[in-house]
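The values are calculated or read from the model by the stated rules, or taken from the named source; none is laboratory data. Owing to the predicted nature of the structure, the values given are computational and were not obtained by experimental measurement. FYI the Cβ positions are ideal-geometry reconstructions off the backbone, even for glycines, and counts take in every protein chain you see. For accessibility, only protein heavy atoms count, side chains too; no ligands or nucleic acids. Shrake-Rupley method; radii C 1.70, N 1.55, O 1.52, S 1.80 Å.
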Amino acid sequence: MRPTLLPYAHQTIEPDDLAAVNAALTADWITQGPLVARFERALAEHARVKHAIAVTSGTAALQAACWAAGLGPGDEAITTPLTFAATANAVAYQGAQPVFADIDGSTLNIALDAVKRVATERTRVLVAVDYAGLPCEYDRLVPLAREHGWIVIADAAHSFGGATDGRPVGALADMTTLSFHPAKLITTGEGGAVLTDRDDLAERLRTVRHHGIRYPEPARPWRYEIPEPGNNYRLTDFQSALGLSQLGKLDRFWQRRDRLARRYRECLSGSRFVELPALPDGARHGWHLFVVMLRLERLSVDRDTIVEALRAENIGATVHYPLIFRHPFYRERLGGAVGLCPTAERVEPRLVTLPLFPSMTDDDQDDVLRALDKVLGHYAR
Ligand SMILES: Cc1ncc(COP(=O)(O)O)c(C=O)c1O
C-alpha cells in the first residue's frame, strides 16, 4: 500500500510560475490591471474567440454569463443534473428556474432529446456542461438553440484545452465559462473567465464584473451610473501573471493528462467490474477528471464502500457528482425529484473518479490500478 494519500487532483506550480507572480506583486498594479488584459488576450487567442473576460472564479463566470444572457424571474434555463452545483446555482441566483434535462448514458453529457423534452416557451438559456472534460455535442445543441432563440452557455470548467473536430473549447457556444481552481486544467488559485465571440455579450460581461457600472461620459469617470446592479468579479494582476504562465503550459499539461487517461483506458477496458464513458470520434477530451462506472451487479457492495476501500489504500478516489436535484434547495422546489432524469439517476450511484493530474507519475498510476484490482477483486460477487 502507498505510504501517503494520492489526491484525485493537484495543481502543478513550477519555478517560473512563482517568478511571474513575484514580479507582478512588485508592480504598480496588483488588482485588475495590464496583466488581466494580457491574460484575456492570450485566453481569447488560445480559444480562437474575440473576447475573454477574466473573473474571480468559475462560479463568478457562470453568474456573469447568466446575468449577461439577461436571465431573470420567470425564465427557465435547461442544464444537466450531473455537474457541480455552481452551474444550476448561477441560474437560481438570477431568480430564474433551472430545468434539468437527462444525460446520455454513454458520454454522460446532456442529451439532445432530453433537452427537447423539457424545453418550454419560458426557456431562454441552455447551460451545457462538458462533464469530466468531454465537449458536449454543440454541433447539434447550438442549432436547436438557434431555432428557439436560446443562448448557449458552455460550462467548460472541465474541458479547457479540449476541442471538437479541431475547433477549440471556447469557440463552440455563445459564451464559454472556465474555472482556474487548482484542481482544473490550469490555475490562478481561484479564478475563471468567460469566452465569447459576441461584442454585445462581452460588453455586458465587463459591466457585470465591475458592479454594473457604465460610464456615459468617459472623460469624467467619476460620473458613473449603475443601470443594473452587477458584482465585483475582478481577478487580480498577480493571479493573471500566474494564469499567463500556466496557459503557456496547458498543452504540456494536457499531453500528460492524455497519456495517463489513455493508459487507464487501456488497462481498464477489459475489466469485469468497470465500464468506461464513451470517447466519441472527433472529440479531444480535456481530461480534468478520469471517471469510471462500476458494474454494481458484479459487486457485493455499493459505490461508497468501494470509494472508502480505495481511500483506505491511500488512493484519493472520489465522486463527481451527487445529482443537483438531490440537494435540499432543488429537491424542495422540484417535489422530491425522483424519476426526473432516469439515466442520470441510474448512472450516478456507479460513478467513481480516479486520480488524474499532470504531475502524477507512472508509479502513482500503478498504485491506483493495483488498489482498484485489489478492492474490486475483494468485493467481486
Ligand atoms: C462543472 C463546474 N462548473 C463550475 C465550477 C465552479 O468553478 P470554481 O470552483 O472556479 O468557482 C466547477 C468547479 O468545481 C465545476 O466543476
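What is the range 172-214 by shape, rounded, prolate or oblate, if you read a ≥ b ≥ c off the alpha carbon gyration tensor as root eigenvalues and call it rounded for a/c under 1.5, prolate for a/b larger than b/c, and oblate otherwise?
Cα axes put the range 172-214 in the oblate bin.
Write out the trypsin sites (Lys or Arg not before Pro) in the range 69-151 meeting two conditions: DSSP loop, and at most 16 other Cβ atoms within 10 Å of their Cβ.
Details: sites: K116, R117, R122, R124, R140, R146; in loops: R122.
Qualifying residues, ordered by number: R122.
So what's the back-of-envelope 222 nm ellipticity for the chain, counting only DSSP H runs of four-plus at -39500 (n - 2.57) apiece and dividing by all residues, rounded to 500?
-11500 deg cm²/dmol
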Per the 1/(1 + (r/R0)^6) rule, R0 = 56 Å and r from the Cβ atoms of A312 and Y224, FRET efficiency to 0.05 is 0.45
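Thinking of the range 49-132 as a set of Cα atoms, what percent of all their pairs are more than 15 Å apart? Could the numbers behind the result be given before it?
Numbers: 1964 of 3486 pairs.
Counting pairs separated by more than 15 Å, the tail of P(r) holds 56 percent.
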Once fully extended, how much extra length lies between D28 and R333, figured as 0.36 nm per residue of separation less the alpha-carbon to alpha-carbon distance?
-> 104.9 nm
Report in % the part of the accessible area of the chain that belongs to carbon and sulfur, leaving out ligands and nucleic acids; probe 1.4 Å.
-> 51 percent
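How big is the range 261-304 by the Kirkwood estimate over distinct Cα pairs, in Å? Don't skip to the end; give the middle numbers.
Details: mean 1/r = 0.0844 Å⁻¹.
This gives a value of 11.8 Å.
When you have a sec, figure out the Kirkwood radius of the range 293-381 from all distinct Cα pair distances and drop it here in Å to one decimal?
This gives a value of 14.6 Å.
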Hey, how many Å between the Cα centroid of the range 56-124 and the Cα centroid of the range 283-315?
-> 27 Å
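Send over the per residue convex hull volume for the chain, Cα only, as a whole number of Å³.
Working: hull volume 53.2 nm³, N = 381.
In the chain, the Cα convex hull volume per residue is 140 Å³.
Consider all pairwise Cα distances in the range 223-381 and report the whole-number % of them above 30 Å. It would help to have the intermediate numbers written out before the result.
Numbers: 4477 of 12561 pairs.
So the pairs more than 30 Å apart make up 36 percent of the total in the range 223-381.
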Can you tell me the 0 to 90 degree angle between the C-alpha axis of helix 34-47 and the longest principal axis of the chain, rounded to 10?
-> 50 degrees
Note the angle between two axes, namely the Cα long axis of helix 237-247 and the longest principal axis of the Cα atoms of the chain, as a number of degrees from 0 to 90, rounded to the nearest 10.
-> 50 degrees
What does the accessible area per residue of the range 117-255 come to in Å², with a 1.4 Å probe and no ligands, DNA or RNA counted?
-> 40 Å²
Considering amide H positions built from the backbone, and no H for Pro or chain starts, which residues 5 or more places from E275, or on another chain, come under 5 Å of its amide H?
-> M293, L294, R295
Starting from the eigenvalues of the Cα gyration tensor, five times each then square-rooted, give me the equivalent ellipsoid semi-axes of the range 15-72, largest first, whole Å.
-> 26, 14, 10
Return the FRET efficiency for the residue pair A19, H148: r is the Cβ-Cβ distance, R0 is 30 Å, and the value is rounded to the nearest 0.05.
-> 0.05
Inter-part gap, Cα centre of the range 134-198 to Cα centre of the range 327-353, in whole angstrom, is 24 Å
On Cα atoms only, tilt of 250-268 relative to the major axis of the chain in degrees | 20 degrees
May I ask for log10 I(q)/I(0) of the range 201-266 at q = 0.17 Å⁻¹, from a Debye sum over the Cα atoms as equal point scatterers with solvent left out?
-> -0.76
Label the range 130-265 by shape, choosing from rounded, prolate and oblate, from the square roots a ≥ b ≥ c of the eigenvalues of the Cα gyration tensor; if a/c is under 1.5 it is rounded, and otherwise prolate applies when a/b is larger than b/c, oblate when it is not.
-> oblate
Given a Förster distance of 35 Å, the FRET efficiency implied by the Cβ-Cβ spacing of D304 and Y215, rounded to the nearest 0.05, works out to 0.05
Between D199 and R117, how many nm apart are label points set 7 Å from Cα along the C-beta direction?
-> 4.2 nm
